[in-house]
Every structure is written in C-alpha cells, then in structure tokens.
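The values are calculated or read from the model by the stated rules, or taken from the named source; none is laboratory data. Keep in mind it's a predicted model, so treat the numbers as computed, not measured. In this analysis, Cβ positions are derived from the backbone assuming ideal geometry, glycine residues included, and neighbour counts consider all displayed protein chains. Remember, those area values only see protein heavy atoms, side chains included, never the ligands or the DNA or RNA. Shrake-Rupley method; radii C 1.70, N 1.55, O 1.52, S 1.80 Å.
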Amino acid sequence: MVIVELGPRCNNRCVFCAQAWERDATAPVVALPEDLRGERVGIVGGEPTIQPELVSIVAAVRARGAAEVIVQTNGRRLSYGRYVGELLGAGVTGFDVSLQGSTGPMHDYHTRVQGSFGQTARGIRNARGAGVRVVVSTVVTRSNYRHLAEVVEVARALGAGMVRLRAVKRVGAGHDAWARLMPRPELARPSVRMAVQAGQRLGVPVVALAQGGEPIVDWVGGPEAETGEQGPRGVELTRARPARGEDRTGGARTGEALRDILPGLFGEEGG
Ligand code: SF4
C-alpha cells in the first residue's frame, strides 16, 4: 500500500492524539508517485478532510491508476452528504473512521469536541448510504473499554463492515496522559473479548491491533487477533452492506433503541 500523508492538522483534539504537538503545522506539499497502477492508496492525516485539496488529490491518485483509495478520517466532514459525493466522485473506495465511544458524551470526551459524535455517526451513515465501504477504528482507553461491545453494536448499526480496536500510542498527547488513558490489561481483556464476541454475533469482524508493542493482541488471543499494526492495508471491507437495507434483528439494536442512543442523528440529513 502507498500512504499519502496530508500533515497533522485536525479539527478534533483527541486526548490520545499522537500528533497533538503539531496541530498548527502547515500542510505539506504532496508529491504523488507518477505510476500508481493497481495500487491501494491510503490517505492519512491529521485529518485529511479539512485539507481543501483532498478531492483533487484523490482524483489525481486515481488518474495515476490506483485501484483503491481509502481515506483515514474522523468522519466529521462526511456528515455533509454533498462532500461525500464529491469524494466518491473523485474515486474514494473506502473510509477508515475513528469512533471513540458508543454515546455522544463518551466519544466527545475523547475528541474534546462537543457534537463530534453526531457528526461522525452521520458521516458513517452518509458514506454507507452512498455505497462506500467503512471500517471503524477505536482507541481503547480507560474511559471506553467497558463499552467496547456497545461501540461494535453502534458501528454495526451505522453500517460499518469491520471494527478495529487499537492501543493508545505512547507519544504526543498519548504520552502526556498515559496513566489516565491506558487501561490495565487485566481489566480491559474481558471487555475486548466481549467486543469480539459481539462482532461475531452481529457479523462484523472485530480485530485488536497492537501498536508499539502495547498489549492489545495479548488481551484477546485466539484467531481473531491480528499480529501487529497493519494500517489501511489490513482492512478487509468486504462485508459491509448499504445501511438502509440492513436487517437489524437478531440481537442488533432496533431503530427505537438507536433513537435513544444517538440523539440528534435521526431526522437530520447531511447537507
Ligand atoms: S482525529 Fe486523529 S489526528 Fe485528529 S485529533 Fe484525533 S487522533 Fe489526532
């Protein structure tokens, strides 16, 4: 996979962000390889969607022959349906969206942006409604590890095809707040296992990825666990279906239940 980095700037301020100290950095000049025939390309930040050039960069990547373009994003700008259409029109084939909780307060606590949960949830729904594949990535912290199975349920209800659980990186804000962020493995292990089981029940693969030697893989064990950080190349996005056509019975949350969990999400479409 070819990774295109658009710099560390972001419209979230996550408590664990590995790039927090570079928030005001200017966007780099992106030099794309001339020949990307058949390649899978991952576009990462910071937050790629706040870069005005993203649509044209995606188009340029596809014009050079890339087979797939996956954008790693916090999903907030995907709440604007028109913008999702522009990205898909340029050639995006998948999104890797960070979702840090199963409720607004839980997610917004991590991003430190009030209302970000509603935007991210709408963004995932918009992307799935437009037919593009979505994987959800969640950083496991002391503040969300008890709710990982619920994160999987919400991700599934929004249409995600996979959930990736990631360890806190001990760099940047993650370094500064390490003691507050990193759960004790013996406490988190059962919750990670329950999240994997929830994924099995709902038909959504849940993988736990290690980063920097941190012990998420050890927490889970078994065939579901991946062996190390894979980045977008490890994303298998083959199981997602259009969100609006999903059967949410058989243990998944009902629409009424989601109305309670996701206030503000229903009845409000992206612009
Ligand atoms: S969304 Fe990603 S880049 Fe942005 S603040 Fe959060 S961790 Fe950092």
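Worth pointing out:
- Of all the criteria given as (1) open to solvent by 50 Å² or more (accessible area, probe 1.4 Å); (2) more than 16 Å from the ligand (Cβ to nearest atom); (3) part of a helix (DSSP H, G or I), the one not satisfied by V84 is (1).
- Qualifying residues in segment 2-16 (those that are of a type outside the set (G, A, S) and without any contact (Cβ under 8 Å) to a residue 60 or more places away in the chain) - the one nearest to the ligand (Cβ to nearest atom): P8
Conditions (1) of a type in the set (A, V, I, L, M); (2) modelled with pLDDT under 95; (3) open to solvent by 30 Å² or more (accessible area, probe 1.4 Å), marked per residue:
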| site | (1), (2), (3) |
| --- | --- |
| V30 | yes, yes, yes |
| E39 | no, yes, yes |
| V61 | yes, no, no |
| Y109 | no, no, yes |
| R112 | no, no, yes |
| G115 | no, no, yes |
| G118 | no, no, no |
| R122 | no, no, yes |
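- Scope segment 88-129; condition of a type in the set (S, T, N, Q), within 15 Å of the ligand (Cβ to nearest atom) and not in a loop (DSSP other than H, G, I, E, B); matching residues: S98, T111, S116, Q119, T120
- Residue-level analysis places V135 among those that are modelled with pLDDT under 95 and within 16 Å of the ligand (Cβ to nearest atom).
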